[in-house]
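Okay, so here's the structure we're looking at.
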Amino acid sequence: MTELINRILTGMSTTMPLTRLLITILIMVVSTAIVLAVSLLYEGFATYAERKVAGDIQARIGPNRVGPYGLLQFVADGVKLLLKEDIIPFYADRWLFIIAPYIVFTVSFAAFVPLSYSDHVSIANLNVGVLYMIAISSVVSMAILMGAWGSNNKWSLFGGMRAVAQIVSYEIPIVLSLLAAIIIPASLNLRDIIAYQSGGLGIFRWLVFNNPFTLIAFFVYFIAAIAEVNRTPFDIPEAESEIVAGYHTEYTGMRFAFFFMAEYGDMFVVSAIAATLFLGGWQIPFIGGIPMPVWLREVLQIGVFFTKVFLLIYVMMWIRWTLPRLRVDQLMELCWKYLTPIALFNLIGASVWVLLLHDKGVYDIIARVFTR
Amino acid sequence: MTKADEKFMQVNMGPQHPSTHGVLRLLVTTDGEVLSGVKPYIGYLHRALEKIAERVTYPQFTPFTDRLDYLASMNCNLAYAMTVEKLLNIEVPRRAQILRVIMAELNRISSHLIAFGSFSSDMGAFTPFLFGIREREFINDLFEIACGARLTYNYIRIGGVSKDIPGGFIEKTREFLDYFPAKIKEYNELLSYNAIFIKRLANIAVISPDDAFDYGITGPNLRASGIKWDLRREEPYLIYNELDFDVPVGKGEMGKTGDAWDRYMMRIYEMEQSAKIVRQCLDLLAPGDYTAKVSKVLKPPAGEVYVRAENPRGELGFYLISDGSTKPYRLKIRAPSFANLSIIPKLARGVMIADLIAIIGSMDIILPEIDR
Amino acid sequence: MSVNSYTVQAVFFYIFAALIVGSALLVVLLRNIVRSAFALFFTLFGVAGIYILLGADFVGVTQVLIYIGGVLILIVFGVMLTHNVYSVDIFNKLGTLVMGTVSAIVTFTMIYYAIKQVPWLYIGYKANAPTTGPIGRELMTSYLLPFELASVLLVLAMIGAAYLIRSEVKVKKAAGNGGPSGERPADGIRKED
Amino acid sequence: MAGYFKKMYHSISTVLTGLGVTIKYGINPKTEVTQQYPEVKREPPDGFRGKLFVDINICTGCTACARICPVDAITLKTVRDENKKLRPVLFDIDNARCIYCGLCVEACPVDNCLYFEKKYEFSAYSKQDLISHFGLGEVKPAESKTEDKKTEAEKEGKEAAQ
């Protein structure tokens, strides 16, 4: 991003500070708008995919009327939501009620920013990328609480309380399991982490295969991540059979759509973190070492990255349409009695591994044995 | 509002709530997630069926019994027909009796499939619901061949059944019976023995045998408490005494006897037994009359009669008083769901909101029958 | 980076500054305590933005993580879990106003002198310099005690929230204003039986 | 401690079993059971209880159907024509009230007079449109004299046969 702006600005003749400022902001806005458009498109297709996957699993067909194979279903849904009456309950706290969905959506979108989509494509290369993602996802709970309280509905309040308790609790196993992976490349920068995972035929140096502890960390992270994005079996904040629709009970139309899109955005983000930290990000498996033109490599890398992310999202959907929901206290039990201790011991194990073997993974050891 | 009241929150669950199985309203008093009291309010679906019975002739009331427990219309038809037959002393031909058993047991399966499915969707797993619906469609097709309707059959009439089964029915039923056990196995793998599902249900809302008697609980819910009481065995009607089937009782496989899991599992076991009964009946089916000679105008002698039958949801009883005219003087319907509902306030004390859903679902109440 | 990055930074600085000051004023002035707590959200967010503008990305992100994800949630929970949340109303009484002003002035003076005394090291603009490693090293060596003390913060936040809401209830009772604030019904539903 | 891991093993294994069931459906498109309704129309079996139809020309106007109907969906008005035969001038079936129980069809003494069609799509914009009118309207005694006689003769023959 910054490099891009600099390149454009140095290529320009004007030296007026104001013009330069405006152009900088324009570039920022345009690039953000592109990512926003892409993420909206993704969210649309994710809702379509969700329904199609649900259909497959439930021996149904799923959406198949709007457009070829029902691919334009999300457009129809979007239009429907836009045309719906926008209801603000009389006793709602107007301001909180109105801004909450936007904050939820903004936050979920903000998490797209530090992601590294390929070698050269990323919006911002943050040094604290991983930490940023964790931090930004904790903000969601605040916004959800805002909407829940603002609705002045008891079911919403239940949902909001549940959401916050869940998100705050599950952040701990998430952070602990991510730490087990991060200590190996010793960086919070997503690009560094991906760069570390290059080589080894493109898959054997993935952090998930680095040592037994990272393998466990991956599964702990994935389970906790499903809980973090409130999906079945951990969808207690919006458990429709218990508390109607949880924190978005009172929301209609576009405001509801923002909550909905944020959920799918969050799914992408947690899957992207898993893909980046554990599954080698955009590292092309097997054929990564073959020389090829830059554009082809970039396209392949983006393709590989999205394939990994979508596979993880598919698993999330698959789990959602299979399992029943946990109860609130069982959810907490899973977090505090299972995931957190496992993640903690796992982190200790991973630290010992790193202490003894530095950053050498199982693959390195085997490779060394064979080359000897 | 007293100070003690301030601690609690009152929430209306229903009449429009995703998991109250119709228009049941529960006034829930909660302290956070924990319930301190539940008060069911019924009557939202009241259609004065008992009063209607006094205004229509005996045969005319049969279609109304379809609408008692609309998921088990055949069983309701059967109980009513048996009541009037007892009053009139009509001997039902053997073929009609066997046909009645086939229909009643098939409908028991289809009713339990809905119970299973809706319970699973209450628990947050939506897929089993559609699997249950899929098998139910098969049974609906069978009924449609037999009587021309898919939901309100009005097939079992006073004196026999409305018409003989057409050719192909037996073959199709056998096809279903061959296909069905594999599906039950699938349900068990998918849901019944799922750890989350067991954890949600085991030891929840345990009904002790004493409580079950006190509240007049019948059907699978009673048997789940470990009491072997099945009218098909205890007071055999039709040809049930010739048939070989087990009466499953709750054994507390996953927790205490009579918990929600036992109640759920009773239905799975009963589906297996019903399939067994239908298979035997198909073998017994011999040519004969499908209905007794019944005059068009029924004028039973003055008197009263009470007949009960084992419905999927418990004992359905018809208490009929005749004054010798063509219309009943009084008809009292003993709806099993009404008794089953009555224990919910007792069970739902000190449990969590999610458990309340499990309780309602595991009792498998149906509102049209309660409100009548 | 040339002049330009400073201009961009300046623009964003003023945006964040306005956000901080505006929402901080809301925190103080709003009468509804839950709304105040939510206004704090924007203040803390703005502060995080300023940190990031200063190149202290780690501190900025930690600000979001700790203050918004932790402290603020605790405060809001503390406020909301108290059972009278629907009828709580802040009375900006004179006493609290005076106390507030005094403590604000004291705090401001302290911070001002602290800023004056510190020999600030001007290092110029350094884009994307990793700060995490040095911070971690310093925290675990030179500044271990202050670091541990900072962890008491969360407890303090919770106590503060609890105290705040308790005193509100007391104020309400003393004023003899037993009814709900009028903005919200004490109980949304009709009482049965 | 052993219980802790046993529980964990149990949970993971049962969850994986469940996932195994669903993935079988998820990757196999042949398991779909949906019928695409407007394109694929299911042919109802014989004896399907669809929309009621009255062959008004052979109706004897006995009003058995209207009397047996539990929901009073059938409105029947008869007049005597010149031959002193009952003719239904008004025969309305309110399809919105009808519960498709089939009692009227069984009550009808004439074969193929009142019967169910295999028709199940008859939505309408207003409730009034759901009433099917079968009545003869005005009975014109002079016009259909011979024809009436013929059909009635047939009917009588059938009744006698019954």
Restricting to region D:1-42, count the residues that are of a type in the set (Asp, Glu) and within 11 Å of chain B (Cβ to nearest Cβ).
1
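Determine whether B:VAL23 is more than 14 Å from chain D (Cβ to nearest Cβ) and surrounded by fewer than 20 Cβ atoms within 10 Å (Cβ to Cβ).
On the way: more than 14 Å from chain D (Cβ to nearest Cβ): yes; surrounded by fewer than 20 Cβ atoms within 10 Å (Cβ to Cβ): yes.
For B:VAL23, the condition - more than 14 Å from chain D (Cβ to nearest Cβ) and surrounded by fewer than 20 Cβ atoms within 10 Å (Cβ to Cβ) - is met.
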Go through region A:53-85 and give me each residue that's within 14 Å of chain B (Cβ to nearest Cβ) and of a type in the set (Lys, Arg).
A:ARG60
Of (1) within 30 Å of A:ILE98 (Cβ to Cβ); (2) open to solvent by less than 30 Å² (accessible area, probe 1.4 Å), A:MET261 fails just (2)
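Take the residues in region B:58-73 that are away from chain D (no Cβ under 14 Å) and in a helix (DSSP H, G or I), then tell me which one is least open to solvent (accessible area, probe 1.4 Å).
My answer is B:ALA72.
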Evaluate the following for B:GLY167: is it within 30 Å of B:ILE90 (Cα to Cα) and either open to solvent by 10 Å² or more (accessible area, probe 1.4 Å) or within 14 Å of chain A (Cβ to nearest Cβ) (or both)?
yes
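Within region A:331-346, track down each residue that is more than 21 Å from A:THR232 (Cα to Cα) and open to solvent by 30 Å² or more (accessible area, probe 1.4 Å). Before the answer, list the steps.
Step one: filter region A:331-346 for residues more than 21 Å from A:THR232 (Cα to Cα), giving A:341-346.
Residues satisfying the conditions are A:PRO341, A:ILE342, A:LEU344, A:PHE345.
Suppose we filter region B:78-112 for residues that are out of contact with any Pro (no Cβ under 8 Å at 6 or more places or on another chain), in a helix (DSSP H, G or I) and either within 14 Å of chain A (Cβ to nearest Cβ) or open to solvent by 10 Å² or more (accessible area, probe 1.4 Å) (or both); how many remain?
The first filter runs over region B:78-112 and keeps only residues out of contact with any Pro (no Cβ under 8 Å at 6 or more places or on another chain), leaving B:78-83, B:85-86, B:89-94, B:96-106, B:109-110.
Filter again for in a helix (DSSP H, G or I), leaving B:78-83, B:85-86, B:94, B:96-106, B:109-110.
Among the residues that remain, those that are also either within 14 Å of chain A (Cβ to nearest Cβ) or open to solvent by 10 Å² or more (accessible area, probe 1.4 Å) (or both) are: B:82, B:85-86, B:94, B:97.
Of the residues in region B:78-112, 5 are out of contact with any Pro (no Cβ under 8 Å at 6 or more places or on another chain), in a helix (DSSP H, G or I) and either within 14 Å of chain A (Cβ to nearest Cβ) or open to solvent by 10 Å² or more (accessible area, probe 1.4 Å) (or both).
Give me the residue from region B:315-330 that is of a type in the set (A, V, I, L, M) and crowded, with 24+ Cβ neighbours inside 10 Å and, out of that set, farthest from the other protein chains (Cβ to nearest Cβ).
Filtering region B:315-330 for residues of a type in the set (A, V, I, L, M) gives B:316, B:320-321.
Still in the running and crowded, with 24+ Cβ neighbours inside 10 Å: B:316, B:320.
Working: B:LEU316: 19, B:LEU320: 17 Å.
Here the answer is B:LEU316.
Grab the strands (runs of 3 or more DSSP E) fully contained in region D:1-96, keeping just those with 2 or more residues being touching a Gly at 6+ places or on another chain (Cβ under 6 Å) and open to solvent by 40 Å² or more (accessible area, probe 1.4 Å). Write out each step before concluding.
Numbers: elements: D:52-54, D:74-80, D:86-94.
Answer list for region D:1-96: D:86-94.
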Give the residues of region D:22-40 that are under 39 Å from the mean Cα position of the chain (by Cα) and among the hydrophobic types (A, V, I, L, M, F, W, C), sorted by residue number.
D:VAL33, D:VAL40
Might you let me know whether region B:276-290 holds any residue that is over 22 Å from B:GLY361 (Cα atoms) and within 14 Å of chain D (Cβ to nearest Cβ)?
yes
Just to be sure I understand the filter: pairs with C-beta atoms under 8 Å, separated by 6 or more residues or on different chains, first member in region C:52-70 and at positive phi, second member open to solvent by 20 Å² or more (accessible area, probe 1.4 Å) and among the aromatic types (Phe, Trp, Tyr). Which pairs pass?
C:GLY55/C:TYR125
From the list A:LEU145, A:LEU178, A:LEU188, pick out the single residue that is surrounded by 24 or more Cβ atoms within 10 Å (Cβ to Cβ), under 30 Å from A:ASP119 (Cα atoms) and at the interface with another protein chain (Cβ under 7 Å from one of its Cβ atoms).
A:LEU188
Any residue at all in region A:115-127 that is part of a helix (DSSP H, G or I) and small (Gly, Ala, Ser)?
no
For region B:19-57, how many residues are over 16 Å from B:PHE338 (Cα atoms) and not in a helix (DSSP H, G or I)?
14
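Taking region A:49-70 on its own, how many of its residues are free of Cβ contacts under 8 Å to residues at least 24 places away in the same chain, surrounded by 15 or more Cβ atoms within 10 Å (Cβ to Cβ) and over 15 Å from A:PHE260 (Cβ atoms)?
Going through region A:49-70, the residues free of Cβ contacts under 8 Å to residues at least 24 places away in the same chain turn out to be A:51-52, A:55-56, A:59-70.
Those still in the list that are surrounded by 15 or more Cβ atoms within 10 Å (Cβ to Cβ) too: A:51-52, A:55-56, A:59-64, A:66, A:70.
Of the ones still in play, those that are also over 15 Å from A:PHE260 (Cβ atoms) are A:52, A:55-56, A:59-64, A:66, A:70.
The qualifying residues number 11.
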Could you figure out which of (1) crowded, with 24+ Cβ neighbours inside 10 Å; (2) touching a helix residue (DSSP H, G or I) at 6+ places or on another chain (Cβ under 6 Å); (3) not in a loop (DSSP other than H, G, I, E, B) isn't true of B:SER121?
(1)
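Can B:GLU144 be described as surrounded by fewer than 17 Cβ atoms within 10 Å (Cβ to Cβ) and more than 24 Å from B:PRO18 (Cα to Cα)? Explain how you work it out, then say what you get.
Values: surrounded by fewer than 17 Cβ atoms within 10 Å (Cβ to Cβ): no; more than 24 Å from B:PRO18 (Cα to Cα): yes.
No, not satisfied.
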If I filter region A:244-252 for residues that are open to solvent by less than 10 Å² (accessible area, probe 1.4 Å), touching a helix residue (DSSP H, G or I) at 6+ places or on another chain (Cβ under 8 Å), within 30 Å of A:GLY159 (Cβ to Cβ) and within 12 Å of another protein chain (Cβ to nearest Cβ), do I get at least one hit?
yes
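Tally the residues that are more than 17 Å from the chain's Cα centre (by Cα), aliphatic (A, V, I, L, M) and assigned to a helix (DSSP H, G or I), restricting the search to region B:345-372. Show your work before the answer.
To start, the set of residues in region B:345-372 that are more than 17 Å from the chain's Cα centre (by Cα) comprises B:345-358.
Subsequent filtering for residues that are aliphatic (A, V, I, L, M) retains B:347-348, B:351-354, B:356-358.
Remaining after also requiring assigned to a helix (DSSP H, G or I): B:347, B:353-354, B:356-358.
The number of residues fulfilling the criteria is 6.
The values are calculated or read from the model by the stated rules, or taken from the named source; none is laboratory data. All values reported here derive from a predicted model rather than from experimental measurement. Quick reminder, even Gly has a Cβ in these numbers, built from the backbone with ideal geometry, and neighbours come from all protein chains shown. Keep in mind that these areas ignore ligands, DNA and RNA; they rest on the heavy atoms of the full protein, side chains included. Shrake-Rupley method; radii C 1.70, N 1.55, O 1.52, S 1.80 Å.
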